[in-house]
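A short write-up of the structure that comes next.
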Amino acid sequence: MSDSNALDGLTQALRKLPGVGAKSAARMAFHLLQHDKPGALQIARALEHAVGSVKHCALCNTLTEQDICSTCANPQRDRSQLCVVETPADQAALERTQAYRGLYFVLMGKLSPLDGVGPNDIGLQILFDRVVPRNERGEPLPAESREVQEVILATNFTAEGEATAHVIAQALKSRGVQVTRLARGVPVGSELEYVDLGTIAHALVDRR
Ligand SMILES: [Zn+2]
């Protein structure tokens, strides 16, 4: 507790950031109020603006200010391929390889039962509805009339990423979807965001 309710409130708010505990939060609050009030206002305005304007792309679930993000709206992309990634950072890593011209689906997370993250907490149902749309009578479209013909699983090669890929693969294969996984070569336990471009590009070409 400090001598200021406002300072305590700011410290509490900063603790909402991932990985920030009580001491770091207090340090940040002191720094902003003592040394960088313009910076503090900039953060406040940027947060308010982002929270008010950023939403999920209706097609791929990534964060965007549009209803449909620029990747999904790009007519040059191959709409028959859908690459499933955990985060926008993973999508950016794949994009940097320039080896993939299809579309993406961004889960915005991964299955993590120990942390209480189940199928409904990440975009699995949105993904399934996207890949296997239903007709006006509510019946799943047959494989030949679906836009997405191949789903490429590019979740991370961590235990949770593998489990997420497994659950998606089972669900989609049972609906008659062709599912492939990025090839090994990406080191076990690694996150795509930190893997070099050549390795990712090979893993994409050699997918099974
Ligand atoms: Zn999109």
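Values in this text are rule-based calculations from the coordinates and carry no lab data. Values in this document were obtained by computation on a predicted structure and should not be read as measured data. Positions of Cβ are backbone-derived with ideal geometry, glycine not excepted, and every protein chain shown enters the neighbour counts.
Quick look at the values:
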{"read-out": "Residue with peak Gaussian network fluctuation, the chain [Cα springs, cutoff 10 Å], from Glu160, Glu144, Glu65", "value": "Glu144"}
{"read-out": "Within-14-Å neighbourhood charge of Leu197 [Cβ basis; K, R +1; D, E -1]", "value": "-3"}
{"read-out": "Within straight-line cross-link reach of Lys23, lysines at Cα separation under 25 Å, skipping those fewer than 8 residues along the same chain", "value": "Lys37"}
{"read-out": "Principal axis dimensions, largest first and in whole angstrom, of region 84-135 by Cα", "value": "35, 34, 10"}
{"read-out": "Nonlocal amide H pairs with Tyr104, under 5 Å, H built at 1.01 Å", "value": "Cys83"}
{"read-out": "Difference of contour (0.36 nm per residue) and Cα-Cα distance, Ala183 to Leu197", "value": "3.6 nm"}
{"read-out": "Net charge, Gly109 excluded, C-beta distance under 12 Å - Lys, Arg +1, Asp, Glu -1", "value": "-4"}
{"read-out": "Pair Gln125, Gln98: separation of 7 Å Cα→Cβ label points (nm)", "value": "4.1"}
{"read-out": "Simple spin-label estimate for Ser4 and Ile43 in nanometres, 7 Å along Cα-Cβ", "value": "1.3"}
{"read-out": "The chain: calculated mean residue ellipticity at 222 nm from DSSP helix runs of at least 4, using -39500 (n - 2.57)", "value": "-12500 deg cm²/dmol"}
{"read-out": "Sites Glu147 and Ala50 - FRET efficiency at Förster radius 30 Å, r taken between beta-carbons, to 0.05", "value": "0.45"}
{"read-out": "Cα-based helix-to-principal-axis angle, 37-53 vs the chain, degrees rounded to 10", "value": "30"}
{"read-out": "Residue among Ala29, Ala92, Ala143 with the largest mean-square fluctuation in a Gaussian network model of the chain, springs linking Cα atoms under 10 Å", "value": "Ala29"}
{"read-out": "Solution diffusion estimate, µm²/s, Stokes-Einstein, the chain, Kirkwood Rh from C-alpha pairs, 25 °C, viscosity 0.890 mPa s", "value": "127"}
{"read-out": "Taking the chain and dividing mean pair separation by its residue count, relative contact order in percent (alpha carbons under 8 Å, at least six apart)", "value": "16"}
